[in-house]
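Down below is the structure, laid out as structure tokens.
Laboratory data are not the source of any read-out in this text; all were calculated from the coordinates shown. Quick caveat: nothing in here was measured; it's all calculated off a predicted structure. Positions of Cβ are generated from backbone atoms using ideal geometry, with glycine treated the same way; all protein chains shown enter the neighbour counts.
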Amino acid sequence: MDTEQLILQQTASLPEELKKAILLYVTFVVQQYQKSATIEEPIKKKRGGLGLYQGMIVMSDDFDEPLDELKEYMQMNRYLLDTHTILWYLENNNRLPQKIKVLLENADNQLFVSIISFFFVYIFLYFFKNRIKQFYFYAN
């Protein structure tokens, strides 16, 4: 027995409402099949890839050298501190290198802190209160 006959045999004893539902489904499947058969897949163009711009971009030999316009500024010993640097310095954490501690304690250096760092310190203190209490307990 072929598939069409099996479908007819199985649906023959069903109530009329279910037959209508099956007809709607079959109509939907046929429409989808016809759409997919008529639509051709667009040819995808290959975009990019390794080596696409090879030899087209040239970087100068002195790329990493300081700009003449910034040399005076760089001699001013100004430092923008990261949040971790602040926290590690305040905790006397051994993850902060000795070289950085010396820079922070040198009075000739100008130290700057981003406003967002204060927010991060607040969040740190809010969520890690127990850690701070333990730190001060052991430090005193």
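Can you pull out every residue in the stretch 112-125 that is among the aromatic types (Phe, Trp, Tyr) and either surrounded by 15 or more Cβ atoms within 10 Å (Cβ to Cβ) or in contact (Cβ under 8 Å) with a residue 12 or more places away in the chain (or both)? Working first, answer last.
Restricting attention to the stretch 112-125, the residues satisfying the condition of being among the aromatic types (Phe, Trp, Tyr) are 112, 118-120, 122, 124.
112, 120, 124, listed by residue number.
Do we find a residue being of a type in the set (A, V, I, L, M), surrounded by 10 or more Cβ atoms within 10 Å (Cβ to Cβ) and more than 32 Å from the chain's Cα centre (by Cα) anywhere in the stretch 34-41? Break it down into steps so the answer makes sense when it comes.
First, pick out the residues of the stretch 34-41 that are of a type in the set (A, V, I, L, M): 37, 39.
Pick out the ones that are also surrounded by 10 or more Cβ atoms within 10 Å (Cβ to Cβ) and you get none.
Checked the stretch 34-41: no residue is of a type in the set (A, V, I, L, M), surrounded by 10 or more Cβ atoms within 10 Å (Cβ to Cβ) and more than 32 Å from the chain's Cα centre (by Cα).
When each of 25, 89, 53 is tested for being hydroxyl-bearing (Ser, Thr, Tyr), out of contact with any Lys or Arg (no Cβ under 6 Å at 6 or more places or on another chain) and part of a loop (DSSP other than H, G, I, E, B), the lone residue that passes is 53. Residue pairs whose Cβ atoms lie under 9 Å apart, separated by 6 or more positions or on different chains, with the first residue in the stretch 58-78 and in a helix (DSSP H, G or I) and the second surrounded by 10 or more Cβ atoms within 10 Å (Cβ to Cβ), are 74/66.
For residues in the stretch 53-111 being of a type in the set (Phe, Trp, Tyr) and either more than 23 Å from residue 121 (Cα to Cα) or loosely packed, with under 14 Cβ neighbours inside 10 Å (or both), which is farthest from the chain's Cα centre (by Cα)? Show your work before the answer.
The first filter runs over the stretch 53-111 and keeps only residues of a type in the set (Phe, Trp, Tyr), leaving 53, 63, 73, 79, 88-89.
Pick out the ones that are also either more than 23 Å from residue 121 (Cα to Cα) or loosely packed, with under 14 Cβ neighbours inside 10 Å (or both) and you get 53, 63, 73.
Details: 53: 26, 63: 28, 73: 34 Å.
Among those residues, the one meeting the criterion is 73.
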